[in-house]
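Novice: Handing you this structure, nothing more for now.
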Amino acid sequence: RDIFGAENYFCELMDHGLDIERRVTGDLLRLAKDLNLPLVATNDLHYTHEHDAKAHEALLAIQSGSTLLEPTYDNGGSRFAFSGSGYYLKSPQEMR
């Protein structure tokens, strides 16, 4: 806080439907309260529109030398794909 200024510290919360996000939310809320940090809801975005998710998945497969037919890590395979959903630019209403 001394380096960046107290007004530049926030506690960030995300929700992409991941178990890890659900598990740490309570701890983050407690941390924010204990340290008197304002909360900010953010979204990890990797493409502009929700309907771009499949194209993004295809690009990741190409980048890693995989095909969309190969199972993802989450499904016991070796293809990288994002876990969860909603990695697009959400509207303020969607972020509420």
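Novice: I'd like the full set of residues that are closer than 18 Å to Arg22 by Cα and modelled with pLDDT of 95 or more, limited to segment 65-81. It would help to see each step written out before you state the result.
Specialist: Keep residues of segment 65-81 that are closer than 18 Å to Arg22 by Cα, which gives 74.
None - no residue of segment 65-81 is closer than 18 Å to Arg22 by Cα and modelled with pLDDT of 95 or more, so the list stays empty.
Novice: Let me ask something else about it. Here are Asp15, Asp27: which of them is surrounded by fewer than 11 Cβ atoms within 10 Å (Cβ to Cβ) and charged (D, E, K, R)? Please lay out each step first, then the result.
Specialist: Details: Asp15 fails: surrounded by fewer than 11 Cβ atoms within 10 Å (Cβ to Cβ).
Going through Asp15, Asp27 in turn, just one is surrounded by fewer than 11 Cβ atoms within 10 Å (Cβ to Cβ) and charged (D, E, K, R): Asp27.
Novice: So in segment 30-51, with the set limited to residues that are within 15 Å of His16 (Cβ to Cβ) and either in contact (Cβ under 8 Å) with a residue 60 or more places away in the chain or acidic (Asp, Glu) (or both), which one is surrounded by the most Cβ atoms within 10 Å (Cβ to Cβ)?
Specialist: Glu50
Novice: What pairs can you find where one residue is in segment 1-17 and more than 19 Å from Ser85 (Cβ to Cβ) and assigned by TED's automatic domain parsing to the domain that holds Pro38, the other is part of a strand (DSSP E or B) and modelled with pLDDT of 95 or more, and their Cβ atoms are less than 6 Å apart, with a gap of 6+ or different chains?
Specialist: The qualifying pairs are Phe10/Val40; Cys11/Leu39.
Novice: Can you pull out every residue in segment 1-12 that is surrounded by 10 or more Cβ atoms within 10 Å (Cβ to Cβ) and acidic (Asp, Glu)?
Specialist: Glu12
The values are calculated or read from the model by the stated rules, or taken from the named source; none is laboratory data. Since the model is a prediction, treat every value here as computed from it, not as a measurement. In this analysis, Cβ positions are derived from the backbone assuming ideal geometry, glycine residues included, and neighbour counts consider all displayed protein chains.
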